[in-house]
């Protein structure tokens, strides 16, 4: 590698040149920043300015550049020099735009700008250009677990893009839930008539597809590795175990119906004429095969009246049943109602509902059913009584506001969906811990839970994907629906969230997209979302490691295992580059080439901390680059002024904040430290899932350190920031700055 | 002249809202070349005109920031703003597309320093705020605008104001001689992600949207609640600026209605439930919300959110399609109708009525310059013959954000399937 040659560039444009003394900044960069080359420019982002920098890179051998101009979020097309290490000093949004243009503010504004120049020079010298992970896996085959409609769709779509697929199905046939359906809800115009379930077509296409290898009666016994180099052991019922090398995994394990046996008050188990939606599909298939009308199970007589009970065991606020809505069942009941009406319009067909939910074009299907004579009645069913060969459905009619009842030959309970999502990891890991301590009950629990495992991942953090709400393996992010917490493994279909067939087809196609992307990027050593394309990855200096396991436990993505000697074993292509491990490490042996304890630490040390008599406190702000830093930038854009004594350093995530930065800052005479991160806890907004929560947890420990240093705990403040806090954030900074001033200078100044 | 590099292995994405951005990013992050065409001067579409998302009550601009960072870091995406596709010729695997670019009158030298705006006093309707406020005729469309570049409104071009803006710019960024230009570019596949538009509320004559100032739409209400909106986030009614504390939300305003939109727009129930939170947050127990509804469609896990709102004593639910809105002598809109649960007639006065207007595909009534199958509501349908043009997001169905992004991710793969086939053929 070429020897380091540093250069600093100070832009005078956008009034920077008028508001601060650029000659002094140049002096700071040269003398204190010790940059080999320092240039100022009137308009650095212009073609000419960019050419100047490129010239220095090409002809002066410059390898490290620090640009003092606008924010790192601005003018990114101009300041794009991928071959060198680069940082940006935020003189515009971070200094002149958040300070009033007055004579009395001039001195502190200048000091602020000089500090940002010191910081950028210090940071860039501690950075390296990421070389990229060399231990990449280049396998591009996609493993799909689950051979239902979602899994088959993912497999076919991936194959169509040119990728090989291994499809594993636990039963003896492809088709899953959809194969059990007599017909499916229409997915195309005119949305009035049920259509073929579509399974035969998919199965035929899979059988004809040379890219897709199918294992039936098979389960995943073991999955190890990382994106680009997963190894899946597939146990087939016959006793054979096959091993497949795959690059990414799609989990399409579907759902099970909520167990109607838990609903005895609705007559299930008491009368054979009370069925769930699967039961009705079976009756309809049987009838269709025999060319007969649908008959009631008790005596085989033709059904003349049927009642559909919506939300059976769903939307339940007692805590006994499912609290959520399964989304698809209203349309499914409408479809089943048409089975009756289309065979005999005289069949009395009633749907009892509280809110009928037929979004989009489902509305046409709903109307078509009304036109067929299906009666929709707003009512809450309290009880279904077996009454010989008929049933009595007792319900409260919400329109007439009265208790009433209906007689029916057949009652269909729309019981909703429960995801087949494997064991809940927190419960499992706790049981494992107890079992290891000799608890026999826990040992049995572990065996039962592991029996449900889908992927059997050989990961330190457990065998499956962590659950989201209600056991579904969904993403927590509205904007990023495919983000799971296991890189390169995507869930799709009703295991992810309750969904109907039309949505599952879209979803499975999207999941195939993500899987293909994962294998491509893993092969290039590039990070997955949200730091897509990032080539840096955590490097660990094992000789300093104390095996405390914090990094392996805290990684939000399960990227770190332990080797046989109990050292952390990083799986780079599982890593999302948030830096949580770096923040967690008490001995600071984990770092990235371009983001490390040192790149931030050097900036903290570079700031000029005036003595206690100057009345110029220093407040360090460590701001999450996803939300807090943009909010500060936009405060600048709106010229919302804030205190001149803060020095802001962007961090990848609050989770990457190592406590050493805080203790070093306070030991170095800073008067206060503000941490700005995203919302944690329920409805968290941290883009790295647990980063901000872990960061906050760690900071709570720092308070003890502060006490031992005889410092006020108020010298550290943790603020939850949203990207929209453009007006309120400056106010919070100012309030805190006043508090810090009131506390008086840190006793550590000048020590 | 704008120059774009594109081949038959390029994917063209039309529409730079969250669906289009997603399709573009997913494809580019898989190594594909992408051209992203957006009609507005900025990316982000309708999502960034929302104050918060349900059910997390988080901010759409937070996801936008991540998407913009992905975009800035990815050299494979070329973005054209103020651009519209005017013609498509050719076939799957080899399209020739004409794109019309409107003049921005500001070139890439712009640093967003804001000096031009200081030099201009003419004000125009602020489209970003659904015209609820004004902005300068030299403007940055919003705080999150990407490209972060000002726009000179054509109304001041050729005037002294235009010249003043130009004179104020030290960077030669203002070019008042810019003209509309037309580009032709190649693409192997096209993702059509032009999104949706709110149903035109004035068509629902009996709700008096164009007669009563205190009857507004759900999208306008988002701007009122947003601290960056025209009222600085204060929920004030338009007629007199009075605090709107007693607010009616009318569901299915134009949706599920044979006379208007036949389909259910899916997002509006959750949208109104979310907006009751804005009222609660701002006015506490003094804020009262009434939701007039046919069915509350809080589908799947959104049920949890509905349950929370239902538990709020300041939110009332009335099962009724409001028959008509009148105005009382104090300028309060009055909702008239029959409560179906128990058949009570009501005439309830509110400070403000918010019409939960539905989602109409933006493509409805606008011809896409190519053969694309649409359903009878105007949404793009998947074509079984599988041409090389794929719908994404709300151009294909009434979807919430999460589902729109799923759809866009799927569309990206469909486009990749086409260009991969082209690539295999060209090797």
Which FRET efficiency value, to the nearest 0.05, do you get for residue A:30 and residue A:54 by plugging their Cβ-Cβ distance into 1/(1 + (r/R0)^6) with R0 = 22 Å? 0.50
Tell me, Kirkwood radius of chain B from alpha-carbon pair distances, in Å? 23.0 Å
With a ≥ b ≥ c the root eigenvalues of the C-alpha gyration tensor of region B:65-207, is it rounded (a/c under 1.5), prolate (a/b larger than b/c) or oblate? oblate
Calculated Rg and Dmax of region A:258-416 using C-alpha coordinates, Å: 14.5, 43
Shape call, region B:284-368: gyration tensor on alpha carbons, a/c limit 1.5: oblate
Would you mind estimating how fast region A:351-420 diffuses translationally, via Stokes-Einstein at 10 °C and 1.306 mPa s with the Kirkwood radius over Cα pairs, in µm²/s? 115 µm²/s
For region A:109-265, what log10 I(q)/I(0) values come out of the Debye formula at q = 0.10, 0.12 1/Å, with one point per alpha carbon and no solvent? -0.54, -0.65
Could you give the length gained by full extension between residue A:732 and residue A:106, i.e. 0.36 nm per residue of separation minus their alpha carbon distance, to one decimal place? 223.1 nm
If one compares the long axis through the Cα atoms of helix A:277-290 with the longest principal axis of the Cα atoms of chain A, the angle in degrees, nearest 10, works out at 50 degrees
Run the paramagnetic zone check for residue B:383: 7 angstrom along Cα to Cβ, then residues of region B:73-100 with backbone nitrogen under 17 Å. B:85-98
Other chains near B:145-158: what is the mean number of their Cβ atoms within 10 Å of each residue's Cβ? 1
Have a look at the DSSP beta bridges in chain A and tell me what percent are antiparallel, nearest 5. 35 percent
Volume per residue (Å³) of the convex hull spanned by the alpha carbons of region A:539-578 is 69 Å³
For chain A, what's the relative contact order in percent, using C-alpha pairs closer than 8 Å and at least 6 residues apart? 12 percent
Run the helix sum for chain A: -39,500 (n - 2.57) per DSSP H stretch of 4+ residues, divided by residue count, reported at 222 nm to the nearest 500 deg cm²/dmol. -9000 deg cm²/dmol
Please order B:174, A:250 by the number of other Cβ within 10 Å, starting at the fewest. B:174, A:250
Please list A:441-451, A:350-360 highest first by mean number of surrounding beta-carbon atoms within 10 Å per residue. A:350-360, A:441-451
Kirkwood-type radius of region B:98-174, with distances r between different C-alpha atoms, in Å: 12.6 Å
Taking B:144-151, A:205-212, A:601-608 and ranking on average Cβ neighbours within 10 Å, highest first, one gets B:144-151, A:601-608, A:205-212
Region A:15-107: percent of C-alpha pairs farther apart than 16 Å? 58 percent
Just the Cα atoms of region A:609-751: what Rg and Dmax do they give in Å? 14.6, 45
Hey, fewest Cβ within 10 Å first, where do A:71, A:256 land in order? A:256, A:71
Taking 0.36 nm per residue of separation between residue A:370 and residue A:546 and subtracting their Cα-Cα distance, the length gained on full extension comes to 56.4 nm
So for A:539, A:183, A:127, fewest C-beta neighbours within 10 Å to most, what's the order? A:539, A:183, A:127
For region A:377-491, take the alpha-carbon Rg, divide it by the Kirkwood Rh, and send me Rg/Rh. 1.22
Evaluated over chain A, the Cα radius of gyration and Dmax, each in Å: 31.5, 98
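Provide a whole-number value for the mean count of partner chain Cβ atoms within 10 Å of the Cβ atoms in peptide B:52-59.
The per-residue average across the peptide is 5.
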Tell me the angle of helix A:501-523 to the major Cα principal axis of chain A, expressed in degrees between 0 and 90 and rounded to the nearest ten. 40 degrees
Calculate, in nm to one decimal, what residue A:615 and residue A:444 gain on full extension: separation in residues at 0.36 nm each, minus their alpha carbon distance. 55.0 nm
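Taking beta carbons within 10 Å but only from partner chains, what does the mean come to for residues A:478-487?
Mean partner-chain Cβ count within 10 Å for A:478-487: 5.
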Measuring from the longest principal axis of the C-alpha atoms of chain A, the long axis of helix A:329-343 (C-alpha) lies at a number of degrees, nearest 10, equal to 30 degrees
quick note, region A:258-416, DSSP beta bridge pairs, % antiparallel (nearest 5) is 50 percent
Highest mean packing first, using Cβ neighbours within 10 angstrom, the peptides A:519-528, B:20-29, B:73-82 sort as B:20-29, A:519-528, B:73-82
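Could you tell me how many cubic angstrom of Cα convex hull volume region B:199-359 has per residue? Each step should come with its number before you reach the end.
On the way: hull volume 18.1 nm³, N = 161.
About 112 Å³ per residue, rounded to a whole number.
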How high is the relative contact order of region B:199-359, in percent, with contacts defined as C-alpha pairs under 8 Å that are six or more residues apart? 30 percent
Taking the alpha-carbon centre of each part, the distance from region A:337-395 to region A:672-703 in Å is 50 Å
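Counting only C-alpha contacts under 8 Å and six or more residues apart, can you give the relative contact order of chain B as a whole percent?
That works out to 20 percent.
Every number here is computed from the coordinates shown, using simple stated rules; none is lab data. Computed from a predicted structure; not experimentally measured. As a convention, Cβ positions derive from the backbone with ideal geometry for all residues, glycine included, and neighbour counts pool all protein chains shown.
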